[in-house]
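Any read-out appearing in this document is the output of simple, stated calculations on the displayed coordinates, not a laboratory observation. Keep in mind the model is a prediction, meaning the values are calculated, not measured. Quick reminder, even Gly has a Cβ in these numbers, built from the backbone with ideal geometry, and neighbours come from all protein chains shown.
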Amino acid sequence: MKQQPRRRGGPVSLFGHPRIGCLQILAFLSGLAGLGATIGATVSNEWRATSRASSVITATWVLQGLWTNCAGNAIGALHCRPHHSILQVQGYIQACRGLMIAAVCLGFFGTIFALVGMKCTKIGGSDKNKARIACCAGVNFILSGLCSVSACSLYAHRITSEFFDPMFMAQKYELGAALFIGWAGSILCILGGSILCFSIANSFKKRHSQANYIYKGAVSHSHISSYPRGQSKSVNERPPPDYSNSSRVQHFDKNAYV
């Protein structure tokens with residue numbers, strides 16, 4: 001029987017392939033850029049904007065964010081004031097505030113976990129622990145992106161519904177630049193988190209398949225070495241004696257008259 005090859009060496013590392021480290025660096029940079037965009041969108045005053053102008057010289061812009069309202073003119077003057085108290089702010093603005101704060105916090109913890117769990121860092125313990133931490137970082141990035149995209153989409157839906165409502169007689173606004181920044185940041189966070197999770201899952205699959213390969217080779221080697229060299233199990237063995245009724249009757253017939 002041909003002996004199956006057996007891999008020698010220590011335990012299989014989860015980060016053995018160099019491509020895993022490159023993917024982790026790419027995912028970390030993507031998540032970090034997404035976190036920066038999320039923070040910028042959260043503190044921005046341009047979630048929605050409108051302009052009133054009979055000419056370029058007398059143009060006036062009104063900008064509103066999650067925290068302040070601003071008004072500017074063509075001269076360059078810009079005046080901002082914070083929103084009213086929390087109890088007087090509309091419900092969808094409060095919901096967007098909470099979602100964006102959650103997105104920033106999740107992205108921050110995802111960045112810390114990614115630094116600890118990456119292959120290129122020297123902290124985090126064994127490869128198994130680092131893989132778990134990196135997977136946790138990916139989950140945090142994905143949740144951060146989902147919170148950010150939910151807040152931006154909710155705010156944009158409110159703007160568009162008021163803009164196209166013929167019965168809405170108050171000032172109508174358009175989508176501000178902060179919404180597009182928030183959407184871009186959420187996409188980057190989700191992309192970075194997905195790359196982290198899938199890279200770790202692929203590493204676990206490769207490790208499991210390699211461990212099965214080693215185990216099968218060891219079992220085959222032990223089965224072959226159980227017999228001495230040059231000696232094999234006999235194929236033609238003596239059959240067990242037959243004690244059926246026919247054999248007994250035949251034996252009795254032979255010796256019946258002796």
Place a point 7 Å from the Cα of Ile25 in the direction of its beta carbon; the residues of the stretch 105-123 whose amide N falls under 16 Å from it are 115-122
With the label point 7 Å along the Cα-to-beta-carbon line of Trp61 and a cut-off under 18 Å to each amide N, the hits in the stretch 167-191 are 172-182
The residues Ser148, Ser30, Ser199, sorted from fewest to most surrounding Cβ atoms within 10 Å, come out as Ser30, Ser199, Ser148
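What ranking of Leu66, Leu154 emerges when the number of other C-beta atoms within 10 Å of each C-beta is taken as an exposure proxy, fewest first?
Result, fewest neighbours first: Leu154, Leu66.
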In nanometres, the difference between 0.36 nm per residue of separation and the alpha-carbon distance of Ala71 and Leu154 is 27.5 nm
Quick calc, the stretch 92-165, dipole around Cα centre from Cβ unit charges on Lys, Arg (+) and Asp, Glu (-), nearest 20 debye, gives 520
Diffing the stretch 154-166: the Karplus 3J(HN,Hα) column from phi (6.51, -1.76, 1.60, θ = phi - 60°), in whole Hz with x for Gly and Pro, holds 5, 5, 5, 5, 5, 5, 5, 5, 6, 5, 9, 8, x
Projected onto the charge dipole of the stretch 114-169 (unit charges on the beta-carbon of Lys, Arg, Asp and Glu, signs +1, +1, -1, -1), the Cα from Ala134, Ser153, Met169 with the largest positive-side position is that of Ala134
Sorted by chain and number, the residues with a modelled amide H under 5 Å from that of Asn73, at a separation of 5 or more or across chains, are Trp61
One finds, for Phe198 and Val43 with R0 = 22 angstrom and r their Cβ-Cβ distance, a FRET efficiency to the nearest 0.05 of 0.10
Amide H contacts under 5 Å for Gly65, restricted to residues at least 5 apart in sequence or on another chain and with H modeled in the peptide plane, are Trp47, Cys70
From the Cα centre of the stretch 59-114 to that of the stretch 178-201, the distance in Å is 22
Largest-first semi-axes in Å of the equivalent ellipsoid built from the Cα gyration tensor of the stretch 22-114 are 34, 18, 9
